[in-house]
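Have a look at the structure below before the remarks.
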Amino acid sequence: MSQPNRPRVVSVLARWLLGTALVSWRYLWETTPLHRGAERRGDETDRPPRLPAGTVDGRVQRAEEGYGPLYHRHFRVRVADARLGAGRLIDWVSDDFKHFVPTEVVDIHTRELGERGLDVADEVLVEMPGPWNGPVRVVGRDVGRDSGCLHLATLCGHMEAGQVQFRARDEDGLLLFEIELWARPANRLVHLLYSHLRLAKEIQFNMWVRFCLAAAAASGGRAVDGVHITTSRLDPPRGAAARRAS
């Protein structure tokens, strides 16, 4: 290993170990109820939505380009007495994405944004613990008074291949905030860490739970009945993993 690379390697390992320790500590001491159902076998309804026309190029890392099973995950929190409407909350997420992530573990980098904050074609770099970063692109933003959605797709270099949507809407007198993800591990290494060792999966789990709770707090209301999480796993057709690896 060349001398100039050593500080970078040490930094990566330190962030990885620190991030793992912080995730484990917060999970053990989390007092908010987390309703985490058992992972279920997925079906065709768990496949990701079609990406909007004009947003895909060679840098977009689509779910079908990943390795191993497709994971469909849904995080949901209901908020009572919110002082901020659904559309305004998604506006806040778009304006200051970094406010909602656990910054002691994750860092967010964006180029200079316009008056609307994150908008279609803008890109975000999410620095996470581990030997990878998470570049994503905004492929959709739709905000109204009573609902809103921010839609991101992963780019080459991300640990996953897929999409994530942040949505909010008024429902039965409550504010509903949800994060829905469709993704496959980007390669064999991530597949090992995510599907077998579960390290990357738990780091991601903690980050999205914290995001939901931060959104509830930003709305000025209180979370009702904690955070609900569902996970579906859709295995690739027989032989598809081998073809992808080759």
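The values are calculated or read from the model by the stated rules, or taken from the named source; none is laboratory data. Model, not experiment: these values are computed from the prediction. Quick reminder, even Gly has a Cβ in these numbers, built from the backbone with ideal geometry, and neighbours come from all protein chains shown.
Considering the stretch 58-75 alone, what residues qualify as being of a type in the set (Gly, Ala, Ser) and outside any helix (DSSP H, G or I)?
To start, the set of residues in the stretch 58-75 that are of a type in the set (Gly, Ala, Ser) comprises 58, 63, 66, 68.
Of everything in the stretch 58-75, those that are of a type in the set (Gly, Ala, Ser) and outside any helix (DSSP H, G or I) turn out to be 58, 66, 68.
Note on the stretch 118-147: residues that are modelled with pLDDT of 85 or more and either among the hydrophobic types (A, V, I, L, M, F, W, C) or touching a Ser or Thr at 6+ places or on another chain (Cβ under 6 Å) (or both) total 10. Taking residues in the stretch 98-117 that are more than 26 Å from residue 205 (Cα to Cα), and partners anywhere that are at pLDDT 80 or above and in a helix (DSSP H, G or I), the pairs with Cβ atoms closer than 9 Å and at least 6 places apart or on different chains are 113/94; 113/95; 116/91; 116/94; 116/95.
Right, residue 150: at pLDDT 95 or above and over 19 Å from the mean Cα position of the chain (by Cα) or not? Break it down stepwise before answering.
Details: at pLDDT 95 or above: yes; over 19 Å from the mean Cα position of the chain (by Cα): no.
Here the answer is no, as residue 150 does not meet what is asked.
Would you point out the residue of the stretch 149-164, among those that are touching a residue at least 60 places away in the same chain (Cβ under 8 Å) and under 26 Å from residue 83 (Cβ atoms), that is surrounded by the fewest Cβ atoms within 10 Å (Cβ to Cβ)? Among residues in the stretch 149-164 that are touching a residue at least 60 places away in the same chain (Cβ under 8 Å) and under 26 Å from residue 83 (Cβ atoms), the one surrounded by the fewest Cβ atoms within 10 Å (Cβ to Cβ) is 151.
Is it fair to say residue 207 is in contact with a strand residue (DSSP E or B) (Cβ under 8 Å, 6 or more places away or on another chain), under 20 Å from residue 100 (Cβ atoms) and crowded, with 19+ Cβ neighbours inside 10 Å? The answer is no for residue 207. Checked against (1) exposed (fewer than 14 other Cβ atoms within 10 Å of the Cβ); (2) modelled with pLDDT of 95 or more; (3) farther than 24 Å from residue 209 by Cβ, residue 115 meets all criteria but (2). Taking the criterion of being in a loop (DSSP other than H, G, I, E, B), in contact (Cβ under 8 Å) with a residue 12 or more places away in the chain and not basic (Lys, Arg), the residues of the stretch 44-57 that qualify are 48, 49, 51, 52, 55, 56. Just wondering, is there one or more residues in the stretch 76-97 that are under 24 Å from residue 235 (Cα atoms), in contact (Cβ under 8 Å) with a residue 60 or more places away in the chain, in a strand (DSSP E or B) and of a type in the set (A, V, I, L, M, F, W, C)? No, the conditions are met nowhere in the stretch 76-97.
Kindly indicate whether any position in the stretch 61-72 is at positive phi and either among the hydroxyl-bearing types (Ser, Thr, Tyr) or surrounded by 14 or more Cβ atoms within 10 Å (Cβ to Cβ) (or both). Lay out the reasoning, then the answer.
If we filter the stretch 61-72 for residues that are at positive phi, which is where we start, we get 68.
Still in the list and also either among the hydroxyl-bearing types (Ser, Thr, Tyr) or surrounded by 14 or more Cβ atoms within 10 Å (Cβ to Cβ) (or both): 68.
Taking every residue of the stretch 61-72 in turn, at least one turns out to be at positive phi and either among the hydroxyl-bearing types (Ser, Thr, Tyr) or surrounded by 14 or more Cβ atoms within 10 Å (Cβ to Cβ) (or both).
Among the residues of the stretch 172-186 satisfying the criterion of being among the small types (Gly, Ala, Ser) and within 17 Å of the chain's Cα centre (by Cα), which is farthest from residue 48 (Cα to Cα)?
Of all residues in the stretch 172-186, those among the small types (Gly, Ala, Ser) come to 173, 183, 186.
Still in the running and within 17 Å of the chain's Cα centre (by Cα): 183, 186.
Working: 183: 8, 186: 15 Å.
The extreme case among them is 186.
Residue count for the stretch 100-112 satisfying the condition of being outside any loop (DSSP other than H, G, I, E, B), modelled with pLDDT of 85 or more and either surrounded by 14 or more Cβ atoms within 10 Å (Cβ to Cβ) or β-branched (Val, Ile, Thr) (or both): 3.
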